[in-house]
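Quick notes on the structure that follows.
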Amino acid sequence: MLNQKRRQFLQLILATTGLTFTTNLSEGKAEKVIAQSQEKLANLAIGGSPIMITILLAYLAEQSSIKNLVETVDFRIWKTHDQLRADAVSGKLQVSATPTSLAANLYQRKVPIKLLNVLVWGVLNIWSSQNIRSFEDLKNKTLLIAFRGGLPAQLFFYLAKENGLDPEKDLKIQYTTDFAQAVQLLLAGRGDAALLSEPAGTGAELRGQQQGLDIKLAINLQEEWGKVTGRAPRFPQAGTLALTSLIDKYPDIIQTIQNGLVEAVNWSQKNPDDAAALGAKYLGLKAPVIKKSLGYTPLEMVSAKDAKEDLEFWYSRLLEQNPKLFGGSLPDDKFYYG
């Protein structure tokens, strides 16, 4: 049996990782856990994105217990989907915020990643200063969409077709590099409407007020999703991916990440002022904008395994409008961590 000092040390280690110690744990298994926990990771590169999920990952990097297991946490923001793809493929980012569809595409292309969780459950809307309230109102309009071929376009094409529109014929779609550029063009009058995530949507509304423009949320795409599918008005928009090498070698770190993100969601909901201040640090917008944006953003940490049914339904609907997506098939069970 383990001597008393090593037993106490093991209990401390397990407490920091959220695991449970029992007297039935064999000495061999206990020694393995101790060795694994003592092997501290030198550097953990975490990627945030231009949407509200960044607040949760920033909390993870700065305020969670992850620092007990890692020498240095390197937190950075990716600006475009191409940058995320490149950093995931190269291994520069070990953990990152990700659109759920992009994570599935990477996995299907044999990039060694898994989806850890879903955190953002739909925060894409169409904003405009014009009298646009339905898909029919978008006919012959110019719609600004960020990230050509990315999740915003995938969702819009699906919903537009379900509402009787041919997006490539019935309106003009102008793609932008990111949400920030879409907001700039909308404010400059170079688009009739823009498909924006948060906090870009709220930012457009408040910046529009300063310029005398009455930019409002015109079409709530979560509600449209619910109408079209008959399901709850929410969809698994964004979560966190991790390299399989990190998952396999440092399962204690992955579990701490999952626990830390549950904590981050609860913290952001109970402390909106502090969450807004943290978001302002990384998202390039002022804290009042971030705070108002939090009210639009449904946050819930669900492991990928537990969210699998929602994810597969989501992926299947996206495949309907683009059969080439995900290589033409859904990810297998190994994609879903949990």
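For the residues Pro323, Pro251, the requirement of being at pLDDT below 95 and surrounded by fewer than 18 Cβ atoms within 10 Å (Cβ to Cβ) singles out Pro323. Do you know which residues across region 302-338 are touching a strand residue (DSSP E or B) at 6+ places or on another chain (Cβ under 8 Å) and farther than 17 Å from Leu151 by Cβ? Passing the criteria: Val302, Ser303, Lys305, Lys308, Lys334, Tyr336, Tyr337, Gly338. When Leu106, Leu124, Leu69, Leu102 are checked against the criterion of being out of contact with any Cys (no Cβ under 9 Å at 6 or more places or on another chain), closer than 20 Å to Pro251 by Cα and at pLDDT 95 or above, Leu69 stands alone in meeting it.
Residues in region 40-65 that are closer than 17 Å to Leu299 by Cβ and either assigned to a strand (DSSP E or B) or basic (Lys, Arg) (or both): Gly48 only.
The values are calculated or read from the model by the stated rules, or taken from the named source; none is laboratory data. The model shown is predicted, which means the values in this text are computed figures rather than measured ones. Positions of Cβ are generated from backbone atoms using ideal geometry, with glycine treated the same way; all protein chains shown enter the neighbour counts.
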